[in-house]
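Written out below as C-alpha cells is the structure these notes cover.
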Amino acid sequence: SAVPADGNYAIRISNVKGEIVLNTTYAAIKSDWEAGKKLSMPAGEYRFTACSINGEIPEAEFEHPVYGAEKSFTIVAGQATNLGTITCRLLQTKVTISYSNDFLDMVRGNCTASVAISQSSPLKYELSYNGGNPSYNQSAGYFKVNNGEQTTMEVNFKGLMEDGEKTMNQTFTNIKPCTWHQIKFIKKVNAFPLAHLLEHQTEFGTCFTHK
C-alpha cells in the first residue's frame, strides 16, 4: 500500500523544450500550499517529475531503493490545474538471495552469490561458513534497469560444498523496474541447485496528493 511521501523528494517541472522551469522539493511545495501560495506558470504543455533522490539512480547498491514518477499535464490560461494523486513506484529492480536448509547443510566453506544487471558492476551476497554454522547476507540489492527491454540479470555462485568447490551461472531476461526477484538456492538430485522462485511487481509506493 502507498505511504505519504517525505519532504525530501525532488520535484521538477519541465516544458515542451525540456527546459526545467521548477526545481524544488516536496516539502517546499507543501509549505507554500499550506501558506496559501499558488504556483503560476504560462499556459502550455509540461511534465512533472518526482524522485526520492536528487541525482542519478545508482547502478547497484544494497538497501538503497529509489522511487519516482512522471506525469504530463496541460496548463490552460485562466484555469486551475490539479495533478491529483501521483504514485511513485520503485524505479529499480530488487533482488534478494536465500538458501534452503538442505542446501546450507551441503556448505563446507565460504561462498559468494553475485548479481549483475546487464554487465554492470555486481553486488556480492556473501555466505560465511562460521565453523559449520552458515549465515548469509539477507540484504536487498537494488539495481538500475539500464538497458530497456533488453536488460538481463546474471547470477553467479561460487563456493565450497560437500563434494568440492562449485560454480553456477544463470541468466534471467526481461528485467523490469518495480519488480522483486527472490532467488533461492535449493538442493536438487543430480544437479547443482539454483532456482529462481518468484518475481512479482512490488505493491508499495509513495503518493503525492495535490488538492
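The values are calculated or read from the model by the stated rules, or taken from the named source; none is laboratory data. In this text the structure is predicted, and so the values were computed from the model without any measurement. Positions of Cβ are generated from backbone atoms using ideal geometry, with glycine treated the same way; all protein chains shown enter the neighbour counts. Just the protein is used for accessible areas: all its heavy atoms, side chains included, with ligands, DNA and RNA removed. Shrake-Rupley method; radii C 1.70, N 1.55, O 1.52, S 1.80 Å.
Residue-wise HN-Hα couplings along the stretch 30-37, as the Karplus relation 6.51 cos²θ - 1.76 cosθ + 1.60 with θ = phi - 60° gives them from phi, are 5, 5, 5, 4, 5, 8, x, 8 Hz; Gly and Pro carry x.
Taking label positions 7 Å along the Cα-Cβ direction at both Ala80 and Glu165, the computed distance is 6.9 nm, reported to one decimal. Backbone phi angles across the stretch 158-171, fed through the Karplus curve with coefficients 6.51, -1.76 and 1.60 (θ = phi - 60°), yield HN-Hα couplings of 8, x, 8, 10, 5, 10, x, 6, 10, 10, 8, 10, 8, 10 Hz in residue order; Gly and Pro are listed as x. With loop membership from DSSP and a limit of 12 other Cβ atoms within 10 Å, the longest segment of the chain without GluC sites (Glu not before Pro) is 64-161. Going by accessible surface with a 1.4 Å probe and the largest first, Ser72, Ser135, Ser14 read Ser72, Ser135, Ser14. Length, then width, then depth: along the principal axes, the Cα atoms of the stretch 35-121 run 72, 25, 21 Å.
Lys158: which lysines have alpha carbons under 22 Å from its alpha carbon, excluding same-chain residues fewer than 8 sequence positions away? Within reach: Lys94, Lys124, Lys166, Lys184, Lys187, Lys188.
Label-to-label distance for Glu154 and Met41 is 4.1 nm, based on points extended 7 Å past Cα in the beta-carbon direction. Sorted from longest to shortest, the spans of the Cα atoms of the chain along the three principal axes equal 76, 32, 24 Å.
Taking amide H atoms as placed 1.01 Å from N in the peptide plane, the amide H of Ile53 lies under 5 Å from those of Ala10, Tyr67, each 5 or more residues away in sequence or on another chain. Report relative contact order for the chain in percent, whole number only (criteria: Cα-Cα under 8 Å, sequence separation at least 6). Worked out over the chain, it gives 22 percent. Straight-line reach from Lys37: taking Cα to Cα under 16 Å and skipping same-chain neighbours fewer than 8 places apart, the lysines in range are Lys211.
The H on the amide N of Phe62, modeled in the peptide plane, is under 5 Å from the matching H of Tyr142, each at least 5 residues off or on a different chain. Computed with a 1.4 Å probe on the full set of protein chains, the accessible area for Asp105 sits at about 100 Å². When each of the peptides 20-27, 118-125 is scored by the mean number of other C-beta atoms lying within 10 Å of its residues, the order from highest to lowest reads 118-125, 20-27. The slack between Gln182 and Lys30, meaning 0.36 nm per residue of separation minus the straight C-alpha distance, is 51.0 nm.
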